[in-house]
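J.: This structure is in structure tokens; I'll ask about it shortly.
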Amino acid sequence: MASRFILSYELVFLSMLLWDTNEPPVIKRKRCIASPCKRRRCTAPSSSLDLCAGFTVILTWWKLRDTISDESFIKSIPHRLAVLVLSPAYKKAARELPEFSDKVRAELSLLADFEDSKGHSIDGAADKFANIICAAVPQDAASRVRRSMLELLYHLGRWIYIIDACDDYKNDVKSSKFNPIAELYPPIKGKIPEDGTGNLKTTLTHSNNLVCLAFELLPENAWSDIIRNMIYFGMPEMTERVLNSELKGN
């Protein structure tokens with residue numbers, strides 16, 4: 001039950017991407033924890049949704065543990081409570097997806113070490129996060145599909161990490177938290193300098209383009225048109241909004 005509160009757009013996207021090409025989605029109307037009184041349209045359970053639910057629980061669990069290690073005891077109390085509530089779901093997911101759980105733990109540890117050392121390489125930090133996302137690629141996928149999926153998820157993960165660092169830039173600078181963008185491009189009047197913004201747009205656009213190219217090599221499924229809209233239009237729009245400081249607070 002608790003795991004339903006940690007749904008993320010990234011994992012919804014992943015579930016659509018990993019959807020079985022021979023499995024049409026079944027739409028039903030039912031009540032859920034977010035709408036207990038009124039029936040809502042939703043997708044019936046599927047192998048892809050079950051798999052990504054496990055990914056979500058594992059990612060959230062290890063992220064919470066990472067946050068607890070970084071914060072003081074008082075500040076970490078909400079995260080400790082969240083770990084306690086999520087514990088049964090995590091144990092179940094880790095039993096079913098042990099390789100993914102081990103990969104997330106290892107890469108988050110490497111990422112934490114990198115951030116503690118205040119590394120100036122954006123690629124170094126983004127690479128470790130991207131490797132976590134790549135761990136979601138099914139091991140039994142056909143070799144051609146697996147290669148394309150790894151390429152897509154690597155650059156999607158890289159894009160997510162960098163765009164998130166850009167979005168957090170002002171707050172991280174104010175609170176003196178590590179931010180790889182701020183390490184490479186120190187703030188001018190609290191903002192990313194203009195040359196930094198230009199370079200970041202170039203690298204984000206490059207990863208976005210590689211996501212699109214890799215996606216076109218994958219077989220079509222029931223969600224392909226929606227995914228195509230997200231990567232061709234949604235990601236570039238998000239890049240512009242974040243780099244123009246139009247997202248925070250909206």
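J.: So, in the stretch 7-39, exactly how many residues are under 29 Å from Leu153 (Cα atoms) and of a type in the set (Lys, Arg)?
T.: Final tally of qualifying residues: 0.
J.: Name the residues in the stretch 197-221 that are within 21 Å of Arg144 (Cβ to Cβ), surrounded by 15 or more Cβ atoms within 10 Å (Cβ to Cβ) and aliphatic (A, V, I, L, M), would you?
T.: Of everything in the stretch 197-221, those that are within 21 Å of Arg144 (Cβ to Cβ), surrounded by 15 or more Cβ atoms within 10 Å (Cβ to Cβ) and aliphatic (A, V, I, L, M) turn out to be Leu210, Val211, Ala214, Leu218.
J.: Name the residue, out of Glu151, Glu183, that is in a helix (DSSP H, G or I), acidic (Asp, Glu), in contact with a Gly (Cβ under 9 Å, 6 or more places away or on another chain) and on the phi < 0 side of the Ramachandran plot.
T.: It is Glu183.
J.: Let me ask something else about it. Search the stretch 120-136 for residues being touching an Asp or Glu at 6+ places or on another chain (Cβ under 9 Å) and surrounded by fewer than 17 Cβ atoms within 10 Å (Cβ to Cβ), and hand back the single one that is modelled with the highest pLDDT.
T.: Once the filter is applied, the top-ranked residue is Ser121.
J.: Here is a further query. Which one of these is more than 25 Å from Asn199 (Cβ to Cβ) and buried (at least 19 other Cβ atoms within 10 Å of the Cβ): Ala112, Ala93, Ala106?
T.: Ala93
J.: Still on this structure: Residue by residue through the stretch 133-148, note down the ones that are within 27 Å of Trp62 (Cα to Cα), among the β-branched types (Val, Ile, Thr) and more than 19 Å from the chain's Cα centre (by Cα).
T.: None; the set is empty.
J.: Report whether or not Ala44 is surrounded by 11 or more Cβ atoms within 10 Å (Cβ to Cβ) and aliphatic (A, V, I, L, M).
T.: No: the conditions fail for Ala44.
J.: Further question on the same structure: Is there a residue in the stretch 186-209 that is over 21 Å from the mean Cα position of the chain (by Cα) and assigned to a strand (DSSP E or B)?
T.: Yes, the stretch 186-209 has at least one match.
J.: What are the residues in the stretch 50-65 that are buried (at least 18 other Cβ atoms within 10 Å of the Cβ) and either out of contact with any Leu (no Cβ under 8 Å at 6 or more places or on another chain) or touching a residue at least 24 places away in the same chain (Cβ under 8 Å) (or both), if any?
T.: Correct list: Leu51, Cys52, Ala53, Gly54, Phe55, Thr56, Val57, Ile58, Leu59, Thr60, Trp61, Trp62.
J.: Another question about this same structure. Looking only at the stretch 137-179, count how many residues are buried (at least 22 other Cβ atoms within 10 Å of the Cβ) and over 30 Å from Ala53 (Cβ atoms).
T.: Going through the stretch 137-179 one residue at a time, the tally reaches 2.
J.: Out of the stretch 156-178, which residues are in a loop (DSSP other than H, G, I, E, B), over 18 Å from Met238 (Cβ atoms) and not basic (Lys, Arg)?
T.: Passing the criteria: Ser175, Ser176, Phe178.
The values are calculated or read from the model by the stated rules, or taken from the named source; none is laboratory data. Just so we're clear, the structure is a prediction, and the values are computed from it rather than from any experiment. Cβ atoms come from the backbone with ideal geometry, glycine included; neighbour counts cover every protein chain shown.
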